[in-house]
Amino acid sequence: MTNTVHHRTCPLCEATCGLEIEVVDGAIKRVRGDRADVFSAGYICPKGSTVRQLHEDPDRIRVPMVRRDGVLTEATWDEAFAEIERRLGPIQEASGRDSVALYLGNPSAHTIAGTLFGRPLIQALGTKNLYSASTVDQMPKHVSCGFLFGNPGAIPVPDLDRTDYLLMLGADPLESNGSLCTAPDFPGRLDRIRERGGRVIVVDPRRSRTAAVADEHLAIRPGTDALWLFALLHAIVADRGVELGNCSGLVRGVDGLAALTAPFSPEAVEQHCGIDAATTRRIASELADGRHAAIYSRIGTHTARFGTLASWAVDVLNLVTGNLDRPGGAMWPTPCHGRPHPAGKAPGGRGFRTGRWTSRVAGFPEVRGELPVATLADEIETPGDGQIRALITVAGNPVLSNPNSDRLDAALGSLDFMVSVDIYLNETTRHADVFLPSPSALEKAHFDFAFYGLSVRNVANYSPPVFANDGPDECEILARLALVAGGHGASTDPEVIYDLMVGELVQQAVSLSGGPLEGADPDALLGAVAGRPPAERLIDVMVRSGPFGDHFGANPGGLSMSVLEANPHGVDLGALVPRLAEILRTPSGLIELDTPALVADVDRLAAALDEPPDSGFVLVGRRHLRSNNSWMHNIEVLVKGRPRCTLLMNTADALGAGLADGSTAVVSSRVGRITVPVEVTDDMRPGVVSLPHGWGHDLDGSDMSVARRHAGVNTNRLTDEAVIDPLSGNAVLNAIPVTVEPAPVTPERVADLQPVAGA
Ligand SMILES: Nc1nc2c(c(=O)[nH]1)N[C@H]1C(S)=C(S)[C@@H](COP(=O)(O)OP(=O)(O)OC[C@H]3O[C@@H](n4cnc5c(=O)[nH]c(N)nc54)[C@H](O)[C@@H]3O)O[C@H]1N2
Ligand SMILES: Nc1nc2c(c(=O)[nH]1)N[C@H]1C(S)=C(S)[C@@H](COP(=O)(O)OP(=O)(O)OC[C@H]3O[C@@H](n4cnc5c(=O)[nH]c(N)nc54)[C@H](O)[C@@H]3O)O[C@H]1N2
Ligand code: SF4
Ligand SMILES: [Mo]
């Protein structure tokens, strides 16, 4: 009997918990939290241990498939890539590079493949039609950070472990385990804020689990966070005065804040937000009284009509209360794989711009090289030059995750060609003509490029694969796709891409003026990492030349792949440190509060003050701890028990609409109509109904047997692709106007209600 114990980072959500995996004779015996993990100290959620079920799931696709005579048929890897070459090239030639689109889904932010090899694929495709889950998620945050700091990647995170006051909007970390704030055991960290005498305030139209454990819950009217945040700014700027703390001397446009926030007094927004002016003024004073406070917002605040303004106001509030870039406030992590900051370099850079090109049909501006997913169907359906005829999806399920999904589903069905890199044949990948299976998470190495840049402590951790894998690694899959997309042919050795990438990284390291490796011999660096697999070579160069690196020997005791390998529980690199001057990339070298596009959008917010309040219901989303977007519903232990895809509704609302707990409602919006069971709860703000996303697993052609038995309904059949946040292109997934009525009693429903004889 061979018994091995492996320690690795959980790849499922942003919390990066350490897992301990015991393998006996090639089979997983047990998965539990790694108590020695430097960051998570043994904490895991119910999903963490299901990496075993995910790995063993018989429905997980393990062999490539090619559509032959309309049917997806098993094929070899070479056949699959040959088919892509045969089909993609002619489309690119006949219809141009923009005719092939790419969609990168959420797990590509969690995989080494997605974070390293997405870029070569994008470059090889040379298409304007680049889409990702970012525009149904955090794009507003990138844009506001781009405007403020010149650096869309520089997202400040709440310093959870040292703050004394956390104001949290549109986030439910007791279910989600946190987002844009990597903090394993987020719930425990919230408890500790309160244990040390601090306060936690949650702003959410629903009394979420997080709201229930907070000191104070404000049930805001959905979609009005930007108004409320501007009212807080108004109160602080007008009554308390601005305190810039560590950022003083590095801010431009402070004087304009009074005019910008003038229309939004707490009294002016009171009716719209449903939060009384006295409460708003009290919270403004608490934020401004010098204590260590952090304001943090997430999905409910970002996937909204004024997502970018709200996201901007959050960081400006941190700034004007002296809490930006100071311990206990909002701070920037220092990821170990990031570029080191050359000593003495003045702040500033090229700045951030959007709209370098626009989408063909709706004219939406490009943001970070991407177009809004809300307009993907427009680009597929509308004939003309540049019409999308082929699509590659990597780790995405847009049919469930994007707005007006019925329309998008039909659009995907009309494509000439589609390739999917995924692990399941699901609602989206069932449209693929070629399916390329990614290995399971346990057959891949893990290094958290994205989330160590969003983490409440500086941490490094590398996990080698637990199991070997017969086929290509996902990095190789994407590299080969890039070669085919770039016209180099399906049989070109992907090594050329690896060499190019590692060569580029080494060049950057040795040519960084004032950097630790300036002038070093590139060949010596390349030699030092040679012999490792491709992704490890890249990580090694980044980590060794990074801010904590061993600088290839010049900094003994520093980090390298070998050090990471010797520390399977991770390396703790300490609490976050102030670093504003390093992260600023604005042309002025200052935090810029006066970006014209942002200032102009405030007029749109002011116009919202004249809108009448909602007359009917509005729909919001939610998450559940045992679920993960659309793709973990095939794990029996996670989906068993009470159905979770229910419409939450307040008692009085249900009564008024003729509905009761357990009855069936028809919910309709401008774009669609769904039928869903009702769950009555006074956790909901009156007038607001809540439905989780990621469900609706009953479409023909998908092959997820457990998920199909717990199908639920797809809330994105109701969300409206025509409404976006204009600055970021982000979809609006909350505060959707809907009507809610009892479902008509059809013969099928009567049959459903009858006990089946003999059952
Ligand atoms: N109404 C509403 N809609 C929402 C949201 C909401 O709150 N409300 N939330 C939005 C948010 S925040 C997000 S991030 C998006 C997510 O939207 P998407 O990224 O489009 O979808 P996911 O549900 O994350 O699906 C991930 C896909 O990746 C596959 N997969 C899993 N692991 C791997 C892997 O290692 N490699 C590969 N190649 N594939 C893998 C899964 O099988 C699945 O097909 O949904 C958004 N949609
Ligand atoms: N268990 C689990 N964990 C996950 C995921 C998952 O699907 N399941 N998904 C992962 C992903 S991709 C992401 S992006 C994160 C998201 O992580 P979070 O941002 O924490 O997401 P949610 O748990 O959906 O919480 C959003 C909250 O916003 C509230 N809300 C809705 N509309 C409004 C509004 O207008 N204003 C305010 N103030 N609140 C509003 C909702 O009621 C809900 O409680 O979670 C990640 N972690
Ligand atoms: S909280 Fe996230 S990272 Fe931690 S075990 Fe659960 S899914 Fe994995
Ligand atoms: Mo997300």
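Scanning the stretch 34-46 for residues that are within 16 Å of ligand 2 (Cβ to nearest atom) and surrounded by fewer than 23 Cβ atoms within 10 Å (Cβ to Cβ) yields Tyr43, Pro46.
Name the single residue that is nearest to Leu371 (Cα to Cα) among those in the stretch 123-143 being among the small types (Gly, Ala, Ser) and within 16 Å of ligand 2 (Cβ to nearest atom). Steps first, please.
Initial filter on the stretch 123-143 (among the small types (Gly, Ala, Ser)): 124, 126, 132-134.
Going one step further and asking which of them are within 16 Å of ligand 2 (Cβ to nearest atom), we end up with 132-134.
Values: Ser132: 8, Ala133: 11, Ser134: 10 Å.
Per the stated criteria, the residue is Ser132.
Tell me, which residue of the stretch 150-167 that is more than 14 Å from ligand 2 (Cβ to nearest atom) and more than 30 Å from Pro403 (Cα to Cα) is surrounded by the most Cβ atoms within 10 Å (Cβ to Cβ)?
The initial filter retains those residues of the stretch 150-167 that are more than 14 Å from ligand 2 (Cβ to nearest atom), namely 150-154, 156, 159, 161-165.
Narrowing the set further to residues that are more than 30 Å from Pro403 (Cα to Cα) leaves 159, 161-165.
Details: Asp159: 24, Asp161: 16, Arg162: 19, Thr163: 28, Asp164: 15, Tyr165: 23.
Out of the qualifying residues, it is Thr163.
Considering each of Gly658, Gly701 in turn, give the residue that is away from ligand 1 (no atom under 16 Å from the Cβ), in a loop (DSSP other than H, G, I, E, B) and surrounded by fewer than 18 Cβ atoms within 10 Å (Cβ to Cβ). Being away from ligand 1 (no atom under 16 Å from the Cβ), in a loop (DSSP other than H, G, I, E, B) and surrounded by fewer than 18 Cβ atoms within 10 Å (Cβ to Cβ) holds for just one of Gly658, Gly701, which is Gly658.
Table: residues versus (1) under 22 Å from Ser630 (Cβ atoms); (2) away from ligand 4 (no atom under 13 Å from the Cβ); (3) not in a loop (DSSP other than H, G, I, E, B).
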| residue | (1), (2), (3) |
| --- | --- |
| Thr135 | yes, no, yes |
| Cys145 | no, yes, yes |
| Asn151 | no, yes, no |
| Ile155 | no, yes, no |
| Leu160 | no, yes, no |
| Thr163 | no, yes, no |
| Leu166 | no, yes, yes |
| Ala171 | yes, no, no |
| Leu174 | yes, yes, yes |
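Quick one: which of Pro187, Pro158 is within 19 Å of the chain's Cα centre (by Cα) and either more than 15 Å from ligand 3 (Cβ to nearest atom) or closer than 23 Å to Cys17 by Cα (or both)? Result of the check over Pro187, Pro158: Pro158.
Could you say whether any residue in the stretch 394-405 is surrounded by 22 or more Cβ atoms within 10 Å (Cβ to Cβ) and part of a strand (DSSP E or B)? Yes, that holds for at least one residue.
Residue-level analysis places Ala284 outside the set of residues that are under 15 Å from Leu317 (Cα atoms), at pLDDT 95 or above, surrounded by 15 or more Cβ atoms within 10 Å (Cβ to Cβ) and within 16 Å of ligand 2 (Cβ to nearest atom). For the stretch 290-329, the tally of residues that are within 21 Å of Val459 (Cβ to Cβ), in contact with a Leu (Cβ under 6 Å, 6 or more places away or on another chain) and within 16 Å of ligand 2 (Cβ to nearest atom) stands at 1.
Within the stretch 676-691, the set of residues being in contact (Cβ under 8 Å) with a residue 60 or more places away in the chain and either in a strand (DSSP E or B) or in contact with a His (Cβ under 6 Å, 6 or more places away or on another chain) (or both) comprises Met684, Val688, Val689, Ser690.
Being away from ligand 2 (no atom under 16 Å from the Cβ), outside any loop (DSSP other than H, G, I, E, B) and surrounded by 18 or more Cβ atoms within 10 Å (Cβ to Cβ) is true for just one of Ile61, Ile84. Which residue is that? Before the answer, list the steps.
Values: Ile61 fails: outside any loop (DSSP other than H, G, I, E, B).
Just a single option satisfies the conditions, and that option is Ile84.
Scanning the stretch 222-238 for residues that are out of contact with any strand residue (DSSP E or B) (no Cβ under 8 Å at 6 or more places or on another chain) and assigned to a loop (DSSP other than H, G, I, E, B) gives a single hit, Thr224.
As a summary of the residue check, Val5 satisfies the conditions (1) touching a helix residue (DSSP H, G or I) at 6+ places or on another chain (Cβ under 9 Å); (2) outside any loop (DSSP other than H, G, I, E, B) except for the one numbered (1). For the residues Asp191, Asp185, Asp164, the requirement of being assigned by TED's automatic domain parsing to the domain that holds Asn318, under 23 Å from Asp448 (Cβ atoms), among the acidic types (Asp, Glu) and at pLDDT 95 or above singles out Asp185. In the stretch 104-119 there is no residue matching the filter, namely being more than 16 Å from ligand 2 (Cβ to nearest atom), assigned to a strand (DSSP E or B) and either of a type in the set (A, V, I, L, M) or more than 30 Å from Ile583 (Cβ to Cβ) (or both). Filter the stretch 1-55 down to residues that are away from ligand 4 (no atom under 16 Å from the Cβ) and polar (S, T, N, Q) and give me whichever is modelled with the lowest pLDDT. Per the criteria, the residue is Thr2. For the stretch 488-512, the set of residues classified as hydroxyl-bearing (Ser, Thr, Tyr) and under 30 Å from the mean Cα position of the chain (by Cα) consists of Tyr498 only.
Is it the case that Asp98 is closer than 30 Å to Asp416 by Cα, more than 16 Å from ligand 3 (Cβ to nearest atom), surrounded by 19 or more Cβ atoms within 10 Å (Cβ to Cβ) and over 24 Å from the mean Cα position of the chain (by Cα)? Let's see the steps before the verdict.
Working: closer than 30 Å to Asp416 by Cα: yes; more than 16 Å from ligand 3 (Cβ to nearest atom): yes; surrounded by 19 or more Cβ atoms within 10 Å (Cβ to Cβ): yes; over 24 Å from the mean Cα position of the chain (by Cα): yes.
So Asp98 fits the description; yes.
Of all residues being among the hydrophobic types (A, V, I, L, M, F, W, C) and part of a strand (DSSP E or B) in the stretch 406-435, which is farthest from ligand 2 (Cβ to nearest atom)? Just the residue, please.
If we filter the stretch 406-435 for residues that are among the hydrophobic types (A, V, I, L, M, F, W, C), which is where we start, we get 408, 410-412, 415, 417-419, 421, 423, 425, 432, 434-435.
Okay, now just the ones that are also part of a strand (DSSP E or B), so 417-419, 421, 434-435.
Numbers: Phe417: 28, Met418: 23, Val419: 23, Val421: 18, Val434: 26, Phe435: 23 Å.
Selected residue: Phe417.
For Met139, the criteria (1) farther than 26 Å from Asp720 by Cβ; (2) of a type in the set (A, V, I, L, M); (3) in contact with a strand residue (DSSP E or B) (Cβ under 6 Å, 6 or more places away or on another chain) hold in every case but one, which is (1). Filter the stretch 10-31 down to the residues that are closer than 18 Å to Asn567 by Cα and more than 15 Å from ligand 2 (Cβ to nearest atom), then identify the one that is surrounded by the fewest Cβ atoms within 10 Å (Cβ to Cβ). If we take residues in the stretch 10-31 being closer than 18 Å to Asn567 by Cα and more than 15 Å from ligand 2 (Cβ to nearest atom), then Glu22 is surrounded by the fewest Cβ atoms within 10 Å (Cβ to Cβ).
When the criteria are applied in full, Tyr103 meets the requirement of being within 27 Å of Leu400 (Cβ to Cβ) and hydroxyl-bearing (Ser, Thr, Tyr).
For Pro612, the conditions (1) farther than 15 Å from Leu148 by Cα; (2) in contact with a Ser or Thr (Cβ under 9 Å, 6 or more places away or on another chain) are fulfilled apart from (2). Looking only at the stretch 375-390, residues that are over 13 Å from Ser95 (Cβ atoms) and buried (at least 23 other Cβ atoms within 10 Å of the Cβ) come to 3 in all.
If you go through the stretch 617-629 and keep only what is within 8 Å of ligand 2 (Cβ to nearest atom) and of a type outside the set (D, E, K, R), you end up with Val620, Gly621, His624, Leu625, Ser627, Asn628, Asn629.
Restricting Ala597, Ala524, Ala554 to residues that are of a type outside the set (S, T, N, Q), surrounded by 14 or more Cβ atoms within 10 Å (Cβ to Cβ) and at pLDDT 95 or above narrows the list to Ala597.
Close contacts from the stretch 1-13, counting a first residue that is over 14 Å from Leu54 (Cα atoms) and a second that is in a loop (DSSP other than H, G, I, E, B) and among the β-branched types (Val, Ile, Thr), with Cβ to Cβ under 9 Å and a gap of 6+ residues or different chains, come to Thr4/Val466; His6/Val466; Arg8/Val466; Thr9/Thr16.
With in a loop (DSSP other than H, G, I, E, B), farther than 26 Å from Asp325 by Cβ, hydroxyl-bearing (Ser, Thr, Tyr) and not assigned by TED's automatic domain parsing to the domain that holds Arg52 as the only criterion, which of Ser588, Ser562, Ser627 stands out? Don't jump to the end; show me each part of the working.
Numbers: Ser588 fails: farther than 26 Å from Asp325 by Cβ; Ser562 fails: in a loop (DSSP other than H, G, I, E, B).
Residue meeting the stated conditions: Ser627.
The values are calculated or read from the model by the stated rules, or taken from the named source; none is laboratory data. Owing to the predicted nature of the structure, the values given are computational and were not obtained by experimental measurement. Methodologically, a virtual Cβ is constructed for each residue, glycine included, from the backbone with ideal geometry; neighbour enumeration extends over all protein chains shown.
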